[in-house]
Structure formats: structure tokens, C-alpha cells
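Note sheet for the following structure.
The values are calculated or read from the model by the stated rules, or taken from the named source; none is laboratory data. Keep in mind that this is a model prediction, so the values were computed, not measured. Note: ideal-geometry Cβ built from the backbone for every residue, glycine included; neighbour counts use all protein chains shown. Remember, those area values only see protein heavy atoms, side chains included, never the ligands or the DNA or RNA. Shrake-Rupley method; radii C 1.70, N 1.55, O 1.52, S 1.80 Å.
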Amino acid sequence: MTIAERIKEYRKQHHYTQKELATLINVKSTTVSGWELGRNIPSIEMLQKLSNIFHVSFDELAGVKDSNSHSATSYEDRKTADLADDDTIFTFEGKPIPEQDLEYMKRLLRGGRK
């Protein structure tokens, strides 16, 4: 769940309109709308105010932790690839990693052995 979805969900749970919530935290209702639509992300200060109003932890509102105290993205949700997989093009910052660099990484991971 995104920050936008959590803000909207908590606002509705507390029976606030966007305008009422905006008034409580001293912003325009269009600001709240922008957050809920995912166009903008609230500042840390605003997230703290929202978490106080909604009576939830900052981490819960920000999505730092879920209700099971695990990180927001669980291990099972992550993509994995094996460096030994020749059918995979590994990239870093959008650029393919050269084969010689992949070989060096493999050697490092093996403890210096080939």
C-alpha cells in the first residue's frame, strides 16, 4: 500500500473530508488531494502531524514497517537473479554491467577463488 492510499484510508476511517483534514494541519485541501492521488508526497513534518491525527506510528503511515514489523517490501516480493545465470543482463543505474566486471564480482563473492 502506498503513502497516498494510507492517507486516504486513515482519513476516511476518521470520517474527515479532505477539507477538514487540511484545516487540521493548516494546508490547502488541494494539498491533501495531491497526496491522496500520489501527485505529491507529504514532508516529514506533515507525515508526523498526520500520524498524530490518525493515532498511528510515523513508520506505519510512511510505510516503513507493516503490521508484522517487517520492512514494507518483504523478501519474497523482491526480484532475484543468480550471477551465474547467463540469460540475464545485469544492470546498475540503468547501464549493463560489463562481463569482466561480473566476473570480478563473482570472484570476490567466492573469496578470491576463480
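Scan Leu61, Leu37, Leu50 and give me the residue that is open to solvent by 60 Å² or more (accessible area, probe 1.4 Å) and either more than 19 Å from the chain's Cα centre (by Cα) or hydrophobic (A, V, I, L, M, F, W, C) (or both).
Leu37
For region 6-24, state whether one or more residues are surrounded by fewer than 16 Cβ atoms within 10 Å (Cβ to Cβ) and under 17 Å from Asp59 (Cα atoms).
Scanning region 6-24, I find at least one residue that is surrounded by fewer than 16 Cβ atoms within 10 Å (Cβ to Cβ) and under 17 Å from Asp59 (Cα atoms), so the answer is yes.
If you check every pair at least six apart or on different chains, which have Cβ atoms under 7 Å apart with a residue in region 1-22 that is under 17 Å from Arg39 (Cβ atoms) first and a residue that is open to solvent by 100 Å² or more (accessible area, probe 1.4 Å) second?
Going by the 7 Å Cβ cut-off, the qualifying pairs are Ile3/Ile41; Ala4/Leu37; Ala22/Lys28.
Of the residues that sit in region 1-34 and are under 17 Å from Val64 (Cα atoms) and in a loop (DSSP other than H, G, I, E, B), which one is farthest from the chain's Cα centre (by Cα)?
Selected residue: Met1.
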